[in-house]
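Here's the structure we're looking at; comments come further down.
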Amino acid sequence: MSFKVHALFFVLSLLHMKLAFGLDSNVKDANNNINRCIEREKQAILQIQQSIHFSSLTIPKRDEDCCKWKEVQCDNQTGHVIALDLHKKPLPFVVPSYEAGTINDSLIELQYLEHLDLSLNYLSHIPEFLASLTNLRHLNLSRTNISDTVPFQLGNLVKLEYLDLSGNSFAKIENLKWVSNLSSLEYLDLSMINLSKFDDWLETTNSLNKLSTLKLGGCDLPSPTLSPSLSPSNSFKYLSILKDLDVHGNRFNASVFQWLFSHNTSTDSLLYLNISYNQLYGLIPEAIGSMKFLERLDLSYNRLEGEIPKSFGSLCSLKMLYLIGNKLSGQLGFLEMLSRCGHDDQDSSAPRLKDLDLRFNKLNGTLPESIGNLPELESLYLGRNMFAGVISEAHFSQLSKLTSLDLSSNSLVLNFSSDWSPPFQLDAISLSSCKWGSHFPDWIQTQTNYSELDISNASISGTLPSWFWKGLSSKSCRVNLAHNQINGSLEDYPSLKFASNPELNLSWNHLEGSIPSFLSGFTSLDLSNNKFSGSISLLCGATSLSFVDLSNNRLSGELPKCDNPIPLGSLVILDLANNNFSGTLFPAWIGTMINIQALQLRNNNFTGQVPHTLKNCRKLQVLDVGENELSGPIPEWIGTSFEDLIVLSLRSNHFNGGIPLQLCNLSRLQIFDLSANNISGAIPNCINNLNALSEKGNTNETISISYTSGVGSLTTYATIFDPEASMNWKGNVYEYNSSLLGKVKNIDLSDNKLNGEIPREISKLVGLVSLNLSWNRLIGQIPLDIGNLESLQTLDLSNNQLNGSIPKSVSKIPRLYPMNLSNNSLWGEIPTGPQLDTFDGEVYQGNPGLCGYPLENSCSPSNPPPSTTASDGNEVVDMDCFYLSMALGYSVGLSAVFVTLLLNTSWRRSYFNFLSNVNDWIYVKVAINKAKLCELFKTLTNNGNQSALPRQGRLPS
């Protein structure tokens, strides 16, 4: 009996081993080696890999054990696949262009799967059968571009401890109640999913009693509302074990603090708290200071005000504090307490603060020297506040680990000794608008590894020391010395080679002389608003320049031809405006700027035509060649080659011919300036195709161009270029920066020879802010529906030949000022309205037919307008021309006869003989006819008297 029991136990053990190890597949290979991978699971993995287009699965040999693949983990005893990691590596700035993949249903074969990571793939949807993998504990489908929905069946995964669906754009999520079934959940990340319709998200998460990480950032969630049903016994239990709470980028207000501290729930477990980019207002609660284990706190970009609570001085575990972009005021008293952490217990809880970022607030007072007692501090950002006073060496006495320092845009005076050697090596230095004397700071020489240096607007004068340039050769950095009083000329260092391509801004100084050639080694170069002179031969040596701004200098000569012209394919911005350049725009390198986005050559002396090679620069957004001596017709290819053009300024040149119809293709155009040229012909009717001008509001509130420039071997920086342009605004020419250019949608065709009528289509450009068609030869009426241009602020149609009445719809334009309709042939009563009634008579002068306010002549019946109809507006002009022509013809003909008779004697005698004969003939004819009439009259009278005798025989009296 005992033997049978043991035999039965042995058989059952074998059966269990068969089921557990999957002996239905090959356990050994041809060489009798153990092969733990179960074949059907291996095939399932290969099908999954193929269906999601995953190409980096490492399969050295097809017959190899799949448990040896780095993406796969198997159970050591059973051989079943328990973890599958097919996530992709993130590729910055790359948008998937391939077809979305699917999760193959062969995934069902992996019933023992506990860990599944498909993040950063490109998937079409989440299949419902995923819920059948009931052993799943870890599921990561983040950033998979899924735009379908989340199946509620995921709520069946009751063993799930980790769930990450963040970074997707689900089209619809019917509910979140399925989340409440995941009672084992410890980590939940739904960040960047639109959950704006879910007011019950609090109740949904209330049952997750094991939750330690909750990430709901960027979900557009409403502020938490505490339900009356939430009694102390039914409060949020997970708050007592929660370690990481990230709810940034929602619509939370101050009630979030009520939730965090409701029902006396302890939040001592919190290590990371992020409520940035919300709508928090009022004071920061003192209660946050009781979170004694808090390591990271981020309340940035809210509307918090008042002082930073002194209770923050008790947060001895705090490593990172971010309060950027609020309305905080007062001083930094909490730092004094924080710097004393651990002094009473043998440094067991010494201050751990590493990152302190309080930028963009209203903090004031002096900076406490206790900052220097935070030995772990690595980043100190206090820029854009209202701090004042003196910063001395004592403030940095123990900051040996400091790598980033920002004290910019305060009223601070830096008082360092000339031989001061800081205890730190900074990577980023931003001390803009700080004051430290007139000389270049010597202690900068001790910083040998910085990647960014900003000491602009610091009242620095004198020349730049030679050690400054030589120090740059070993760095990858951005240097900003703009808005100082640096003077003198720049020495050339032809042997100076840069390890990488730094960026240099020396604008708004007093530098003079020629531009040294070694500066061509920079990636970005801004030397604008100085006194540099000479040529710009440095372009010939440039290999990686992407930004060049040399505007507002005294540079002259022609654009360099270069002995061996090199392609400037990396150039994105070229600004040479307001110099004295001359010659044509024909260097060979003009057409090689295939990536250029802004070309500004305004206010120089360039001649000739716009070069045909420029059409290769198809990424242009800003083209400004105004105020030069350019000539010829406007190239038609501007409208076909530059689809992204936002600013087109050809003003104040000698362009001729008509306006090419192709310019109507520039759908993004916001500034269209062809003024002060010799352009003729009609305004194209297709002008309403300028779509950016047909949209109300500011299409681009700031016209700016983002571009990247390589700095260092691994780092790229996004840079913003703000173009400027000159523009005729309200009768005066101004230069506008990018922030105003984006607000002034402008068409200026003034001071040309345009003729014909104003096209009615122009009334469809409802986004127009400024329209100037003055000093042309336009005829006809002002479009009746011009009042549709409700965004218009300035309108100038003066000095044309317009006729007819002023459309009453003009009164619908609410912000119109000024308007100029003077020196036309307009007639009739001037419309009235709240805005029109503010204009004076100069607006309408030179139109004799106009009447009504503000003119002195009233519109009375005794002073009627010309009798021409609105539908035949050209009749007045045509009749005047007819009468004038008739009078001139009669005068000329009569004069010709008199002159001929005066000079030719025989003709004169013949003429007078003719007149004498004609006179005699007329006299005879008149005498004969007179005699005949008299005889006839006598006969008729006698006959009449006889028949008219009265019956009494008496004549009438």
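The alpha carbons of the stretch 418-520 occupy a box of 37, 29, 21 Å along the principal axes, longest dimension given first.
Neighbour counts of C-beta atoms inside 10 Å place CYS617, CYS66, CYS686 in the sequence CYS686, CYS617, CYS66, starting with the fewest.
Only the Cβ atoms of Lys and Arg (+1) and of Asp and Glu (-1) were treated as charged; on that basis the dipole of the stretch 287-415 about its Cα centre amounts to roughly 400 debye. Amide H contacts under 5 Å for LEU328: LYS362, restricted to partners 5 or more places along the chain or on a different chain, H placed in the peptide plane at 1.01 Å from N. Judged by the mean number of other Cβ atoms found within 10 Å, the most tightly packed of the peptides 815-826, 385-396 leads the ranking 815-826, 385-396.
May I ask you to derive the relative contact order of the stretch 287-415, considering only C-alpha pairs under 8 Å and at least 6 residues apart, and to give it as an integer percent? Walk me through the numbers on the way to the answer.
Values: 326 pairs, mean separation 25.4, N = 129.
With pairs under 8 Å counted, the relative contact order is 20 percent.
Per residue, what volume in Å³ does the convex hull of the Cα atoms of the stretch 287-415 enclose? Please report the intermediate quantities before stating the final value.
On the way: hull volume 12.0 nm³, N = 129.
Normalising the Cα hull of the stretch 287-415 by residue number yields 93 Å³.
Working from Cα pairs under 8 Å separated by at least six residues, relative contact order for the stretch 418-520 is 24 percent.
Summing charges over all other residues whose Cβ lies under 13 Å from the Cβ of PHE642, with Lys and Arg as +1 and Asp and Glu as -1, gives 0. Take the Cβ atoms of SER124 and SER535, set R0 to 60 Å, and the FRET efficiency comes out at 0.55.
For LYS470, list the aspartates and glutamates whose Cα falls under 17 Å from its own Cα; do not include residues on the same chain fewer than 8 positions away. By straight Cα distance, LYS470 reaches ASP442, GLU452, GLU491, ASP492, GLU503. As a length-normalised measure over Cα pairs under 8 Å and 6 or more apart, the relative contact order of the stretch 274-331 settles at 40 percent. Pairs with C-alpha atoms separated by more than 29 Å, drawn from the list LYS497/LYS619; LYS172/LYS696; LYS215/LYS319; LYS159/LYS243; LYS696/LYS808; LYS475/LYS561, are LYS497/LYS619; LYS172/LYS696; LYS475/LYS561.
Every number here is computed from the coordinates shown, using simple stated rules; none is lab data. Quick caveat: nothing in here was measured; it's all calculated off a predicted structure. For neighbour counting, all protein chains shown are included, and Cβ atoms are generated from backbone atoms with ideal geometry for every residue, glycine included.
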